[in-house]
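The numbers here are math on the coordinates, done by the rules we state, and not lab data. Keep in mind the model is a prediction, meaning the values are calculated, not measured. We place every Cβ from the backbone using ideal geometry, glycine too, and count neighbours over all the protein chains shown.
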Amino acid sequence: MGKSVYESIMTGLNEALNDAGNAKPILKRHKVTIEPVKVYEADEVKRIRKSTGMSQKIFASYMGVSGKTVEAWEAGTNHPSGAASRLLSMIEQDKEIIIKFPFVTNALAK
């Protein structure tokens, strides 16, 4: 019968610990670099929103926040953070994001 999940994990951890203590490690290592979340100022948020052609209300819906939140970002009384900042960064770098991921659609009422 094969190893239990616990035994398999413990074997891997022990191998990693032993390798970490070796002068010449043999296990592969991956260096991960994570870009810090950008802090957006009011004028930057407004510029990004305007580049999308969206109103504050529509942009807020796209971002998954309230209209008051976007108003506060653009007034400088609050700043986007976390996932909102990452999404702003993505939109800033690739304007096609809003087309590739159309979370908000504009349809004429009949």
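When the chymotrypsin sites (Phe, Trp or Tyr not before Pro) in the stretch 17-110 are filtered for DSSP coil states and for at most 11 other beta-carbon atoms within 10 Å of their beta-carbon, the remaining sites are F103. Neighbour counts of C-beta atoms inside 10 Å place E15, E74 in the sequence E15, E74, starting with the fewest.
Simple rule: put +1 on each Lys or Arg Cβ and -1 on each Asp or Glu Cβ in the chain, find the dipole, and look at H30, I99, Q56; the Cα lying farthest toward the positive end is I99. With R₀ set to 41 Å, the beta-carbon distance separating D43 from N18 gives a calculated FRET efficiency near 0.15. The charge dipole of the chain, taken about its Cα centre with unit charges on the Cβ of Lys, Arg, Asp and Glu (plus for the first two, minus for the last two), comes to roughly 280 debye.
Across the stretch 42-100, the volume of the C-alpha convex hull divided among the residues equals 68 Å³ per residue.
Note on S8 and K57: their simple-model spin labels are 5.4 nm apart, each label 7 Å out from Cα toward Cβ.
The order of D43, D19, going from fewest to most other C-beta atoms within 10 Å of their C-beta, is D43, D19.
Please identify the DSSP H helices in the chain that span no less than 15 Å along the helix axis (Cα) and have a mean Kyte-Doolittle hydropathy of -0.5 or more. Present the calculation step by step, with values, prior to reporting the outcome.
Working: long enough: 5-21 (24 Å, 0.04); 42-52 (16 Å, -1.35); 82-93 (17 Å, 0.34).
Helices passing the filter in the chain: 5-21, 82-93.
Per-residue ellipticity at 222 nm from helix content only, as computed over the chain with -39500 (n - 2.57) for each DSSP H run of at least four residues, stands at -16500 deg cm²/dmol.
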